[in-house]
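K.L.:
Structure below; questions to follow.
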Amino acid sequence: MWLPVVVFAVLIVSTAGSTSFYFPPLTEVLDVLWTELAHGGLFGDLLFSLRNIVLGLALAIVVGVGAGLVIGEIRTLRLATGPLLDFARATPTVGFVPVIILTLGIGSGPKVFLIFLGSVWPILLNTVSGVRAISPAVHETARGYRIPWRLRLRRVILPGALPQILAGIRVALSIAVVLMVVSEIYGSPDGLGNFILQSGSSFHVAETWAGTILIGILGYGLSVLLLLCEHLLLGWYHQRAPRARPAKTATIESIDTIEKSNGVVV
Amino acid sequence: MARVRLLQLGALAAVLALWALIAAAGLVSSTALPGPRAVAVAFWQLAGSGAFWQAVGETLRGAVTGLVVAVAVGIPVGLVTGVYAAAEESSRLLMEILRSFPVIALLPVFLLVLGSTPGMKATVVFIACVFPVLLQAQYGAQSVPPSIRETVHGYRIPRLLRFRRVILPGAAPSIMTGLRLAATTSVLVAIGVEVLTTLPGIGHMIMESQQAGASARAYACILTAGAIGHTITLLAQFAEHRLLRWRPPALAGGE
């Protein structure tokens, strides 16, 4: 725990008397961050960005989990769409930013759409592989007892795939934050991305750093929030002995999140 | 196998048909979504032009430079922090914060400090790629079984030899996963930087095409970017299979 504190202290001390134009003292940056949040328009920007992320991500979760459950359950569909989904995942959503913003405008709608477009793939693909990871014995049993498909979906498939789905959402979150920033830098009257772009191009360096730090805090805060939700939803899963878990999901943190993420930071 | 291929071709045809239908029906304006035929024509024209291949080269150069530096830094740091628990514990929170930091958000700062140069693009790619490589290397080093660790320790095998002969091979599968992720990330980030700045490359070409009203060309560029990303993923998977043939299949995981 001591390292972050040391880094923070070193940053404060080393930039304290800084006269460098590009690296203003950290205390000044934090000061600017505070005044902009309390009195300037930064709080409004934060809300605008946050709303877009939440809406886009919610849409991606609904569509991604829904489609993922269907594709995962139906073998023919899964085989047929495999290569297409892989290609879709490899296509950089940032490429769509100019296309969508120039045609649909600079409002909130196109940004929500972009965030949705980028973050739906990891959720969808993880849901598919989560459904596949459920042991065939469980499937057969549920089928054998003729459990109605609705009940099966709600009580068997969804909980079984949940660990992977949540790992997918975590990846999607980091993509969503990046797309939020890119779409706002590219064209937007509001938002954090617009704030750092404006202050950067008018050489208000302290404001630029302050905005950047705020985006970092936002990204980290959202991922912590997500982890909390995960612990609430997956308490049963983490409490189980590691041995009883499927081998592949045994190490959620390192294999799932990272392996399933194509571009943690894009 | 043949049936699967047929299914896959069918799905591709269905998607193309749906695309053509939406474009033809005029649900969205043709500037937002040109038809597949227009995009194919635009792609054909692009493939014949030198400027296009130059742009592809620029993007790849930025991506590869950043990736190589990220690998050179990420693997050693990851292995060392993975072996020494104290180093890992003390750096964990910092890593978490840095990892969840959206690198693209630093772009305005980089533009200020480094200016709009190819070096800046490579730097952003480096920062984006170093974390997947580092964390996977760290995880791989941690996954070396304790019995092996103790044996190596007991025989007092020199530190350097231990890293080279025990920890590096032990962590190799995990490192390969990190490399695969970082390779995809590198292209994505390079294109993202190009979209937002005036640096040459595919990303810049997408933006230019769209601003010139040639959205079919923009889509052709986007699909090219997708093809590059997909090819890299496939190549990385292939390399992984070849390099890690000794790995027991139980650990191979995957589909």
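The values are calculated or read from the model by the stated rules, or taken from the named source; none is laboratory data. These figures come from a predicted structure and were not determined experimentally. Don't worry about glycine lacking a Cβ; one is built from the backbone with ideal geometry, like all the others, and counts go over all protein chains shown. Protein only, heavy atoms only, side chains kept; ligands, DNA and RNA dropped before computing areas. Shrake-Rupley method; radii C 1.70, N 1.55, O 1.52, S 1.80 Å.
K.L.:
Every residue in segment A:72-88 that is over 17 Å from B:Leu9 (Cα atoms) and surrounded by 15 or more Cβ atoms within 10 Å (Cβ to Cβ), please. Break it down stepwise before answering.
P.N.:
Here is the first cut: in segment A:72-88, the residues over 17 Å from B:Leu9 (Cα atoms) are A:72-74.
A:Gly72, A:Glu73 - these are the residues of segment A:72-88 that are over 17 Å from B:Leu9 (Cα atoms) and surrounded by 15 or more Cβ atoms within 10 Å (Cβ to Cβ).
K.L.:
Let me ask another. Quick one: would you say B:Glu96 is charged (D, E, K, R), surrounded by fewer than 22 Cβ atoms within 10 Å (Cβ to Cβ), in a helix (DSSP H, G or I) and free of Cβ contacts under 8 Å to residues at least 12 places away in the same chain?
P.N.:
Details: charged (D, E, K, R): yes; surrounded by fewer than 22 Cβ atoms within 10 Å (Cβ to Cβ): yes; in a helix (DSSP H, G or I): yes; free of Cβ contacts under 8 Å to residues at least 12 places away in the same chain: yes.
Yes; evaluated as a whole, the condition is true for this residue.
K.L.:
Another question, then. Would a scan of segment B:201-223 turn up a residue that is more than 10 Å from every other protein chain (Cβ to nearest Cβ) and either farther than 18 Å from A:Thr103 by Cβ or among the hydroxyl-bearing types (Ser, Thr, Tyr) (or both)?
P.N.:
For segment B:201-223, residues more than 10 Å from every other protein chain (Cβ to nearest Cβ) and either farther than 18 Å from A:Thr103 by Cβ or among the hydroxyl-bearing types (Ser, Thr, Tyr) (or both): present.
K.L.:
Continuing with the same structure: Do you know which residues across segment A:113-164 are among the hydroxyl-bearing types (Ser, Thr, Tyr) and touching a residue at least 40 places away in the same chain (Cβ under 8 Å)? Working first, answer last.
P.N.:
Filtering segment A:113-164 down to residues among the hydroxyl-bearing types (Ser, Thr, Tyr) leaves A:119, A:127, A:129, A:135, A:141, A:145.
Once the filter is applied, which keeps residues that are among the hydroxyl-bearing types (Ser, Thr, Tyr) and touching a residue at least 40 places away in the same chain (Cβ under 8 Å), segment A:113-164 yields A:Ser119, A:Thr127, A:Ser129, A:Ser135.
K.L.:
While we're on this one: In segment B:126-205, which helices (runs of 4 or more DSSP H) lie fully inside it and hold 1 or more residues that are open to solvent by less than 10 Å² (accessible area, probe 1.4 Å) and in contact (Cβ under 8 Å) with a residue 24 or more places away in the chain? Break it down into steps so the answer makes sense when it comes.
P.N.:
On the way: elements: B:146-154, B:159-162, B:168-196.
Output list reads B:168-196.
K.L.:
Given the conditions (1) modelled with pLDDT of 80 or more; (2) open to solvent by 10 Å² or more (accessible area, probe 1.4 Å); (3) away from chain B (no Cβ under 13 Å), report the number of the one that A:Arg170 does not fulfil.
P.N.:
(3) is the only condition that A:Arg170 fails.
K.L.:
Which count do you get for residues in segment A:189-219 that are open to solvent by 10 Å² or more (accessible area, probe 1.4 Å), in contact with a Phe, Trp or Tyr (Cβ under 9 Å, 6 or more places away or on another chain), within 22 Å of B:Ile97 (Cα to Cα) and more than 7 Å from chain B (Cβ to nearest Cβ)?
P.N.:
The qualifying residues number 2.
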